[in-house]
Structures are given as C-alpha cells and as structure tokens.
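A short worksheet on the structure shown next.
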There are 2 protein chains.
Amino acid sequence: MSSNTESGAAPLGHVRIVLVGTTHPGNIGATARAMKVMGLSALHLVAPARFPCAEATARAAGADDILARANVHTHLEEALSGVRTVYGTTARERHIDWPAQSPREAAAAIAADGEDVAIVFGRERSGLTNEELDRCQRAIHIPTSATFRSLNLAQAVQICAYELRLAHAAGAPAAVREGRDPPAAAAELEGLRAHTLAVMEAVGYYDPAQPKLLERRLQRLFNRAGLLHSESQILRGFLAAIEQRMSRDD
Amino acid sequence: MSSNTESGAAPLGHVRIVLVGTTHPGNIGATARAMKVMGLSALHLVAPARFPCAEATARAAGADDILARANVHTHLEEALSGVRTVYGTTARERHIDWPAQSPREAAAAIAADGEDVAIVFGRERSGLTNEELDRCQRAIHIPTSATFRSLNLAQAVQICAYELRLAHAAGAPAAVREGRDPPAAAAELEGLRAHTLAVMEAVGYYDPAQPKLLERRLQRLFNRAGLLHSESQILRGFLAAIEQRMSRDD
C-alpha cells in the first residue's frame, strides 16, 4: 500500500515538472511545496546552480520528500525521456507565430489525456531559450499585468499545479455534501415569513398603504438568504419570544 | 496621467489584500510581487511581526512600491474600514456549517461587483482565528491535496490574484450594477447584529448559558444572507418597532 496517494494511483502521477537552469535554490524548495500541496510529485531539475541545498529544503517546508526524489539532469533532453507531450512555459503570448495556451486550457488537456507530460519552466531571469522552446510541442503563457510581468518561478509552478488539480477534480465525482444542518424547506420559509409578518403587524410595523411591497421584500430576503433549518428555528423562537413578551404586558 | 494604471482606472483597484499577523517578512515581499504581477496594488498589514524589513523588499523584487504604500494596522477592524464585503481565506472547506467559495467563484463575484472588497489571509501556521473569520461575510477555500495542505501564504495570494485577473479580463464589460439598492455595508450588518441581540435579550430570548453560540450563529446568518441596504433598514425598523411597543407597555 502506498501511503502518499489519495485514492489508489496518484491522480496527477503522469505530470512531470521540469525546472531548467534554476539559479536560486529557494525557488526549487518552494516549487516542491507548490507541487505537493496540489498533489504533484515528479520533479526534474536540469543543471540547477545549487542542489541539494539547505535553502531549498527550508523552503520546501515539509515537501522535502519531493526534493529527495528529484531527478537531476545535465541536459533538458534527459529530463524529457519517456514523455509524450512537452509543454514549455513562456512570458510571451506567442512563440514566433505559435499561440500559447493558458494554464487552464493546458490543464484541461493534460487531465483529460492521461499520457505522460512534462511542463518545463525556464531560468528566473531569462526563461527558456528558443532552442529549449523548440523542443516543446505546446507553450503555456500565464497572463500577467502588462506593466509588471515578473512572475516568480515557484509562483508560476503554483498556478499551473493549481489548474491541474482543479482540472483533475472536475473529472472526479463531486464531493458528497454532509447533511447535518440541512437548508430550511420551502414550507419552513413560508411559515417563517407568515410569522414575521404577524409579529410586524402586532408591533405596528409596516406601512398599511403598502403591505404588498413589504410582503414581497420579506419573501425575497428569506428566499435569497439560504437559511438553514436550524436558523429558521432560531428566528421562529425569537418571534415567539416577542409575542410572549407582548402578551405578558397586555 | 497616472502611470501605473493599465487602461484608465486601475482595473482591480477596489480589491484590498489584507495579511493578518504575518510572521515571515519574506512572505510580505512575495505577496507584494504576487499582487503586482496580476495588477493588484492595495496591501494592508495587520500586526506583522517585522515590517518594513530588508527581506520583504528583497522578495518583492520590483514590487517595492506596493510595500512602500502598504498600510500597517494594529487591529483587523482598521484594515477593513470602508470595505463593503470581506472575504476570509480558510484551509477548511466549511467554516462550521457555512460552505466556502472557491477562489474562482469569489473572483467572479468580485470582478462583477466592483464594490470595495477585502480578501483576508491569516497567519502562516494557524490562519485566521474564529473571531476573525466571523468578521468575514464570505469564506474562500483553496483546494489542496488531502494529505498535504501546507499552502504558502504568498502562494495563496498568488492563486487568488491570478483568478481575479482572469475574472476581470473575462468580465470586461462587467454587468452594470443598479446602484439603487446596494448591498448592506459591513458596518450596517454589524449594527443589525448588535440591535438584534439587544432585542433578543430584551424579550428574554436566548440561552444565557450559551450567549456566544447564538451571537456567532446570528453573525454567520447575516453575513451569508447577502442583505441589501434597504433590507437591513427594514429589519432595523422592525427591531425599533418592537422596542417601542415594549416601552409603551412598561
């Protein structure tokens, strides 16, 4: 029995994250954490400036198992061995005349496909070279501000990993909702509305010229509020207490 | 002419990022960068452990203008001044029995709305306290692996900022909001809650052994209900009428 899988096989086990020429070991650690928190686990490093490194381990903050299992390569080609489709990330919206996909589009395709893929991230300052991008069949561009495009490497990985997790989850059966405190039923809401109006009348609150308007507004409010059964009961109890207090005074 | 806007008014200028009790200044800097790269600019810090700090500036990597303009507060309440809707981020999918929104759902609502909002992020280790979450009308939960939920603070901000940017881009000609009946402001909701409790006490409705529970349930109900300004006024009028009726009897 594998202990770190969530439901049988690792859900995103076919996705490999490849970092090329990373300068700051902190970014490698933060990338491992960004991956693990979204359920990714396969990290490949191509010619990192420093690795292993205490700074990477510190920033991994519990994802050091991913660092320990990371594959370190000299050339990009080695990191892509056995991979069916290679996605390269780029700060440009178009690579030559080849439009880039959004992380969301890419994640949808990757989750649906299930074939081994690599997502390749370039150097902190200069990204991937043209030669490296040429090795990719697809490009991913993460949209940014037009005036400040400096997205941190691990943040770029985080966004892609997040989209992969959502795309994977979208294909899974929706979580069963626990029914401990169910929403108020229609009849309950109607009872609450009638009771509220009765008390409003008893305390002399409403414009007798426009009873219809107040009634409709109350109905809209209760319908929209998404009251739970327990909340409807609290409000009914409150209304009953008001009536009781008034009858005591009479 | 403003120089840091992209097309006239800042597109996400109504969104305030609030960090509560941040321990590591590096996370404050990384948050500033995460914001700026997606076009956000308003950063509020509540009781940061260290700020300003060279480590924050280093990690901001060019987003130091956001740090320079950051507002530092002693209490959360100050950071929310003037805000219409407060979103709190939580590692739990449900806050008691109140379902959290995904970053995507929240971003869509925020982009379409255009009212001033705050998104509040808690401490690195412990998140937001229950009292702080109670101050929020909506909760945001970022989906993570079930077995490793340790999402870095700046990464959480990055994901939300990314979704806001996409939602803003998608909603370009955002639905024009009829300004006739705006949502109730946070201060209005707080006034309504206090008034309701006062009347509940006056009519002898609540379990004196569990005042806290009722208080929190009411706050949650009002937060979730999405009350309009006019509805808040109706309910306040109703409460005042009850009080008047009781004073007449005394």
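The values are calculated or read from the model by the stated rules, or taken from the named source; none is laboratory data. Because the structure is predicted, anything quoted here is derived from the model rather than measured. Quick reminder, even Gly has a Cβ in these numbers, built from the backbone with ideal geometry, and neighbours come from all protein chains shown.
Side notes on the structure shown:
- Segment B:21-44: number of residues that are in a helix (DSSP H, G or I) and not β-branched (Val, Ile, Thr): 10
- Considering residues of segment A:114-130 that are without any contact (Cβ under 8 Å) to a residue 60 or more places away in the chain and either among the β-branched types (Val, Ile, Thr) or out of contact with any helix residue (DSSP H, G or I) (no Cβ under 9 Å at 6 or more places or on another chain) (or both) only, the residue nearest to residue A:154 (Cα to Cα): A:126
- Test: residue in segment A:118-131 that is within 18 Å of the chain's Cα centre (by Cα) and part of a loop (DSSP other than H, G, I, E, B): no
- Condition broken by residue A:139, with the remaining ones in (1) touching a His at 6+ places or on another chain (Cβ under 9 Å); (2) within 11 Å of chain B (Cβ to nearest Cβ); (3) at pLDDT 90 or above satisfied: (2)
- Of the residues making up segment B:229-241, those that are within 8 Å of another protein chain (Cβ to nearest Cβ) and either in contact with a Leu (Cβ under 8 Å, 6 or more places away or on another chain) or within 13 Å of residue B:137 (Cβ to Cβ) (or both) are B:231, B:234.
- Looking only at segment A:58-88, and only at residues there that are within 14 Å of another protein chain (Cβ to nearest Cβ) and surrounded by fewer than 21 Cβ atoms within 10 Å (Cβ to Cβ), the one that is nearest to residue A:24 (Cα to Cα): A:58
- Condition met for residue A:159 (among the hydrophobic types (A, V, I, L, M, F, W, C), modelled with pLDDT of 75 or more, surrounded by 13 or more Cβ atoms within 10 Å (Cβ to Cβ) and assigned to a loop (DSSP other than H, G, I, E, B)): no
- Every test in (1) farther than 20 Å from residue B:38 by Cα; (2) more than 14 Å from every other protein chain (Cβ to nearest Cβ); (3) among the aliphatic types (A, V, I, L, M); (4) touching a residue at least 40 places away in the same chain (Cβ under 8 Å) is passed by residue A:109 save one, and that test is (4).
- Yes/no for residue B:91 being surrounded by fewer than 18 Cβ atoms within 10 Å (Cβ to Cβ), closer than 25 Å to residue B:125 by Cβ and among the small types (Gly, Ala, Ser): yes
- Single unsatisfied condition, residue A:183 versus (1) at pLDDT 90 or above; (2) touching a Leu at 6+ places or on another chain (Cβ under 7 Å): (1)
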